[in-house]
Amino acid sequence: MAAKQRIGVVGAGFVSFHHLVAWHAIDSATVVAIADVDRRKVWARAREFGIDAMYESAEAMLDEARLDAIDIASPVETHAHCCAVVVEGNPATPGFPPTPADDLDVVGPSTRIQLQGARLERSGARAETVHLDLGADYQSAFTHAAEHFATCIATDKPFESDAADNLRTLALVDAAYRCAEDRR
């Protein structure tokens, strides 16, 4: 049996719970380290999920832990910085893809997709409305992404998205937040 993949998580807040549940569902991976600037949060998550190594920064975790992958579960406002730290600190270690916002409106030349709470609607030639089970679907999104990463690491297959694609996605999400704040 191959050795379990060693995962490090950056962030110990709300969304880290879903990331950690996802990783714990994967037999071929184990979370061995977690980092967050808030000592109480990192200690609580480490205790809750049986993680031995705790760090006060992503930089410290990268310097000390031997990791196969890094899952960035930090708040939106720190996500880009954490991605840069990971890429600069260990460019061979893959990161975890960002997740979508809860409300989203994407308008194209012939189609519009809106996500509002549990309602996902596509208009245009292939119009449909889907009502999501947010509890199950939200966790499922994290679990499927973690499974994909674990499989790619184990089989040396390419990821569905790479670091450059994830950074472009973060830039797009950041621009969307700025537009929403400016009501554009």
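The values are calculated or read from the model by the stated rules, or taken from the named source; none is laboratory data. Note that the structure is a prediction, hence the values are computed from the model and not measured. Here the Cβ positions follow ideal geometry from the backbone for every residue, glycine too, while neighbour counts run over all protein chains shown.
Structure notes:
- Residue that is farthest from ALA22 (Cα to Cα), among those in segment 87-112 that are at pLDDT 70 or above and not in a strand (DSSP E or B): SER110
- Residue match in segment 7-15 (condition: modelled with pLDDT of 90 or more and farther than 17 Å from ASN166 by Cβ): yes
- Here segment 148-184 is the region considered, the condition is being modelled with pLDDT of 75 or more and in a loop (DSSP other than H, G, I, E, B), and the residue that is surrounded by the fewest Cβ atoms within 10 Å (Cβ to Cβ) is ASP156.
- Selection of first residues in segment 117-137 that are closer than 28 Å to HIS19 by Cβ and part of a helix (DSSP H, G or I) and of second residues that are at pLDDT 70 or above and not charged (D, E, K, R), restricted to Cβ pairs under 9 Å at least 6 apart or on distinct chains, gives the following pairs, ordered by first then second residue: LEU134/ALA118; ASP137/ALA118.
- Every condition in (1) at pLDDT 70 or above; (2) within 21 Å of ALA12 (Cα to Cα); (3) not in a strand (DSSP E or B) is met by HIS79 except one, and the failing one is (1).
- Condition met for SER28 (among the small types (Gly, Ala, Ser), within 26 Å of CYS152 (Cα to Cα) and under 17 Å from the mean Cα position of the chain (by Cα)): no
- Here is the figure for segment 1-53: residues that are of a type in the set (Phe, Trp, Tyr), in contact with a helix residue (DSSP H, G or I) (Cβ under 7 Å, 6 or more places away or on another chain), under 24 Å from ALA84 (Cβ atoms) and free of Cβ contacts under 8 Å to residues at least 60 places away in the same chain total 0.
- Strands (runs of 3 or more DSSP E) contained entirely in segment 1-68, each with at least 2 residues that are loosely packed, with under 15 Cβ neighbours inside 10 Å and not small (Gly, Ala, Ser): none
- Selection of first residues in segment 72-88 that are polar (S, T, N, Q) and of second residues that are modelled with pLDDT under 75 and not in a loop (DSSP other than H, G, I, E, B), restricted to Cβ pairs under 6 Å at least 6 apart or on distinct chains, gives the following pairs, ordered by first then second residue: SER74/CYS82.
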